[in-house]
Each structure stands twice: as C-alpha cells, then as structure tokens.
Amino acid sequence: MFVQVIYASRANFPSDAPVGGVEPTVARILQVSKRNNSKQGIGGALYFRDGAFLQVLEGPNQKVESLLRRLKTDARHKDVTVLHRIEVVEREFQRWSMKYTAMDKKVNQWLQQAGLTSFDPLHFTPKQAAEFADVLRRSEETLSDNGALGQRPKNIRPVTAIAVSLALLTALLWFAWLYAF
Ligand SMILES: Cc1cc2nc3c(=O)[nH]c(=O)nc-3n(C[C@H](O)[C@H](O)[C@H](O)COP(=O)(O)O)c2cc1C
C-alpha cells in the first residue's frame, strides 16, 4: 500500500526569469528531488506558478511522511498545506521521480473549467487538488528525469531535419556521381 499526498505552499523567493523553461530555484529543487526520490522509491509531480507550489508525493507511507517533515522546514517555501491524502494500491506517478510541467494547455483548460481566474492552490478543495494532480499526470513533461528538456526546442522541427538530411544526401550522391565519371 502506498500513500499519495498533495500539498500546496507559497514560494519564499522572488521568481527569476526561466532558464530552459524552468525558474532557476525551482530547477535546483527539482534536481535534488529527482536524485533523492529515486533512491527512496518516491514519485510525484511539482507545479510552480505565480509564486505558489503544488506538489504530489507518492510512495511508501513512512518515506513520504519523512519527506514532508523535511519539506516543511525548507526556507524556500512557507504555508505548507496538505490538501489531499489517500492510500493507493497502484501508483499513478511511478514513472516520475518528480515530474515537472511548466505552462501546459491542459492546466489552463482545467483552471478555466474549474472557474478559477488565477492559480491559488492553497485554496483548492481536496477534490480540486485531486483533479489537478490528475491533470499533471496527463500533462506534457518539461524536464525529463535525466534533466533533458522534455519539449523539443521549437527551432528544430522534424520537417527541417528531414529537409537538411535530404539536401546532404543529394549533395553526396551528386559528388559521388561526378567522381565516378
Ligand atoms: C517546493 C519544494 C519541493 C521539494 N520537493 C522535494 C522532493 O520531492 N524530494 C526531496 O528530496 N526534496 C525536495 N525538496 C527539497 C527539500 O526540502 C530538501 O532541501 C532536500 O530534500 C534536502 O536534500 P539533501 O539533503 O540531499 O540536500 C523540495 C523543496 C521545495 C521547496
């Protein structure tokens, strides 16, 4: 049996411009989270927006509880508020030591559907928290577990890559033909 805990908190730092799609302090939190959580058998997702965090933590009860105790003492956030806690037989976030989603269409759609004009997770109801966790599970990952960007850089499209490869191949064949005759 595993436990899934969803909590919200407020950031204690001013947001800097994102680097590679992620705010730098959040990127450091993610790096440590991924490293520690994979060793502890913990998974989950982190969302950061408008100075607030929502995090899903999933794993063995004692491991998650001890992480929560440590998290509450972290000076980078405050007002840690547990919104939802359930026991799960099958883990929903097993694939991710800590999934990170930056802005995502699904998140915005959900906020709109829920009639929320801003992201204020400290005031989410337990039902909203559970729904939001599900949105995060289905959303596109910004950073993968190996730290690589999950989203393709916008300037390198598959079509461009194919066109460049074809041009190179044509040039190569042309030179080969010239050389042969
Ligand atoms: C919003 C937020 C989420 C965090 N999530 C995790 C987490 O999932 N796992 C983790 O190990 N640390 C997490 N941390 C960091 C911990 O508070 C703590 O700094 C870290 O676990 C210490 O690890 P270390 O002893 O390996 O440096 C988080 C911190 C913040 C502010």
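Please count how many residues of the stretch 40-64 are more than 14 Å from residue 8 (Cβ to Cβ) and in contact (Cβ under 8 Å) with a residue 40 or more places away in the chain.
Kept after step one, since they are more than 14 Å from residue 8 (Cβ to Cβ), are these residues of the stretch 40-64: 40-43, 58-64.
Retained after the next criterion (residues that are in contact (Cβ under 8 Å) with a residue 40 or more places away in the chain): 42-43, 58-61, 64.
Total meeting the criteria: 7.
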Single residue of the stretch 98-115 satisfying the filter (aliphatic (A, V, I, L, M) and within 15 Å of residue 50 (Cα to Cα)) that is farthest from the ligand (Cβ to nearest atom): 111
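Does residue 34 satisfy the criteria of being modelled with pLDDT of 95 or more, within 11 Å of the ligand (Cβ to nearest atom) and within 13 Å of the chain's Cα centre (by Cα)?
Working: modelled with pLDDT of 95 or more: yes; within 11 Å of the ligand (Cβ to nearest atom): yes; within 13 Å of the chain's Cα centre (by Cα): yes.
Criteria met by residue 34.
For residue 10, are the conditions met, namely being closer than 9 Å to residue 97 by Cα and more than 14 Å from the chain's Cα centre (by Cα)?
Details: closer than 9 Å to residue 97 by Cα: no; more than 14 Å from the chain's Cα centre (by Cα): yes.
Criteria not met by residue 10.
Would you mind stating whether residue 61 is more than 18 Å from residue 140 (Cα to Cα) and near the ligand (Cβ under 9 Å from one of its atoms)?
On the way: more than 18 Å from residue 140 (Cα to Cα): yes; near the ligand (Cβ under 9 Å from one of its atoms): no.
No; evaluated as a whole, the condition is false for this residue.
Do we have residue 29 as touching a residue at least 12 places away in the same chain (Cβ under 8 Å), in contact with a strand residue (DSSP E or B) (Cβ under 8 Å, 6 or more places away or on another chain) and near the ligand (Cβ under 10 Å from one of its atoms) here?
Numbers: touching a residue at least 12 places away in the same chain (Cβ under 8 Å): yes; in contact with a strand residue (DSSP E or B) (Cβ under 8 Å, 6 or more places away or on another chain): yes; near the ligand (Cβ under 10 Å from one of its atoms): yes.
Taking the combined requirement at face value, the residue satisfies it.
The values are calculated or read from the model by the stated rules, or taken from the named source; none is laboratory data. It should be emphasised that the depicted structure is a prediction, and the values quoted were computed from it without experimental measurement. Cβ: placed from backbone, ideal geometry, glycine included. Neighbour counts: every protein chain shown.
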